[in-house]
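Undergrad: For reference, the structure I am asking about is given below.
Please treat every number below as a calculation from the coordinates, not as lab data. If you're wondering where the values come from, they're calculated on a predicted model, not measured in any experiment. Every residue, glycine among them, receives a Cβ derived from its backbone with ideal geometry; neighbour counts consider all protein chains shown.
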Amino acid sequence: MPDEAIVISSSTPLDYSTRGLPVPNRIPGNIPIWVGIFSEMSEFAFMFIAYFLAKVHYPEIFNEGPLRLNTLAGTLNTLVLLSSSYFVAKAMVAIRKNQPDICIRWLWLAIAAAGLYLITKHWEYQWNTDQGIGIKTNVFFGVYYYMTFNHLLHVAWGGAAILWALLRVKSGIYTAEKHEGLEAVATYWHMIDLVWIIIFPLLYVLR
Amino acid sequence: MLHNKTIDVIWLLLMAITLLSAYIAESAEPSFFVTLTICIIITLKGRMICDRFMELETANQKIRKLMNIYFYVLPIMIMLVFLFPEQLANMTRL
C-alpha cells in the first residue's frame, strides 16, 4: 500500500498552498483518461518501434528522407503544439482561481492553435505532393504519412474535446471546485503534444 | 516559484529548445553528438511537459514514473539504432 492515499482531483478540496498546485498524490483528471492516455502512448510506441525497424533495414532511405521534408512546417507545428499545451495549462490555472472568462480565453487560444496545426499540416502535405512525395514514394514516407496522419487525427478530436470543455466552462458546469472533465481533456491534450515531441525529431531531424 | 509563473518560463524554454532542434535539422550532419543532443532534448522536453504542464510533479508517482520512463526508453532506443544499426538489422531479419 502506498504511504499516501490516491486522490481523485474532483473529489477533494483543492489545496493551493504549495506553489498553486492542487493536493499531492492525486490523479490528474480521472482514471479512465489515464487508461486512454497509456493506450494511446502504447499505440504510438509500436509505431516508433516500426520506424526503428524500418530505419535499420533501409538506412540510406532514412538518411535521405528527412532532407526532403519541409522542416519549416515541422518546426512551426512543434511551436504551435507546445504553445497550445501552454494555453491549456494556463486555462487550468484560471479555472482554479475561479476566473472562468480567462479560462475560456486560454481555451480559445488552444483551439486556434489546434486549427493552425491542421492548416500547417495540410500545407505540408500539399507541399509534399508538389515535390512528388507521396505515401508510396518509399518506406520512409510510408512511415511518415502513417505516423503524422494518425497524430493529425488525434489533434483534430483533441481540439474538438477542448471545444466541448470550453462550452461546459461557459455554461458554468466546470467551476473552481469541480472541473474533473476539463482537467481530463487538458491531460489528454498534453499527451498529444508529448507524442509530437518524439515524432518531430524522428522524422525531421535525425538521420 | 508559483506554478503559474513556472509554466511561463517552461513555455519559453520549450520554444527555444525547439528552435535549436530545427537548427540542428537544417545544418548538422549525422553524428554521435548530434544524436545524443537530440536524445537529451527529447528527454528534457518530455520531462518538462509531464512535470509542469501535466502537473505530474506532485501527482500520483506511479503515473509520473510511467510517463517519465517513456522519455528515457525511447531516447535510449534512438541511440541504440544509431550505434548498432547492422546488428539490430541482423537480429530482426526474417
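Undergrad: Could you work out the mean count of beta carbons from other protein chains within 10 Å of each residue's beta carbon in A:25-35? The partial results should precede the final answer.
TA: Working: counts 5, 5, 5, 8, 2, 0, 1, 0, 0, 4, 0.
Whole-number average of other-chain Cβ neighbours for A:25-35 is 3.
Undergrad: Under the 0.36 nm per residue contour assumption, what length would be gained going from the current alpha-carbon distance of B:Glu29 and B:Leu13 to full extension?
TA: Numbers: separation 16, 0.36 × 16 = 5.76 nm, distance 2.45 nm.
In short, 3.3 nm is gained.
Undergrad: Read phi for every residue in the range B:65-72 and hand back ³J(HN,Hα) as whole Hz from Karplus 6.51 cos²θ - 1.76 cosθ + 1.60, θ = phi - 60°, with x for Gly and Pro.
TA: Computed from phi, the couplings for the range B:65-72 are 5, 4, 5, 5, 4, 3, 8, 10 Hz.
Undergrad: List the DSSP H helices in chain A whose Cα atoms stretch 27 Å or more along the helix axis and whose mean Kyte-Doolittle hydropathy is at least 0.5.
TA: Details: long enough: A:31-57 (39 Å, 1.24); A:71-96 (38 Å, 1.15); A:100-130 (45 Å, 0.14); A:139-170 (46 Å, 1.00); A:180-200 (30 Å, 1.16).
Those that clear 27 Å and a mean of 0.5 are A:31-57, A:71-96, A:139-170, A:180-200.
Undergrad: Still on this structure, please answer the following. Name the most mobile residue of A:Leu72, A:Leu82, A:Leu107, meaning the one with the largest mean-square fluctuation, in a Gaussian network model of chain A with Cα contacts below 10 Å.
TA: A:Leu72
Undergrad: Right, another one. Need one value for B:80-90: mean number of C-beta atoms belonging to other chains within 10 Å of its residues' C-beta atoms.
TA: Working: counts 2, 8, 4, 0, 1, 6, 2, 1, 5, 6, 1.
Average per residue, whole number: 3.
Undergrad: Right, something else. Do any trypsin sites (Lys or Arg not before Pro) in the range A:111-191 lie in a DSSP loop with no more than 10 other beta carbon atoms within 10 Å, and if so, which?
TA: Those that pass, being in a loop and sparsely packed, are A:Lys136.
Undergrad: Considering every residue in A:193-203, what mean count of other chain Cβ atoms within 10 Å of its Cβ is obtained? Spell out each step's value before the answer.
TA: Working: counts 6, 9, 1, 1, 14, 8, 0, 8, 13, 4, 1.
Counting Cβ atoms of other protein chains within 10 Å of each residue's Cβ and averaging gives 6.
Undergrad: Quick check on the range A:29-205: what are the equivalent-ellipsoid semi-axes from the Cα gyration tensor, as sqrt(5λ), descending, whole Å?
TA: On the way: eigenvalues 235, 57, 25 Å².
In descending order the semi-axes read 34, 17, 11 Å.
Undergrad: For A:Asn70, what residues show an amide H to amide H distance below 5 Å, using hydrogens built from the backbone and excluding near sequence neighbours?
TA: none
Undergrad: Next up: Over the range A:29-205, calculate the relative contact order: mean separation of alpha carbon pairs under 8 Å at least 6 apart, over the residue count, as a percent. Write out the running numbers ahead of the final one.
TA: Values: 176 pairs, mean separation 62.4, N = 177.
This gives 35 percent for the range A:29-205.
Undergrad: Would you mind ranking B:Thr37, B:Thr18 so that the residue whose beta carbon has the fewest other beta carbons within 10 Å leads the list? Mind showing how you got there, number by number?
TA: Values: B:Thr37 17, B:Thr18 21.
Ranking B:Thr37, B:Thr18 by Cβ neighbours within 10 Å, fewest first, gives B:Thr37, B:Thr18.
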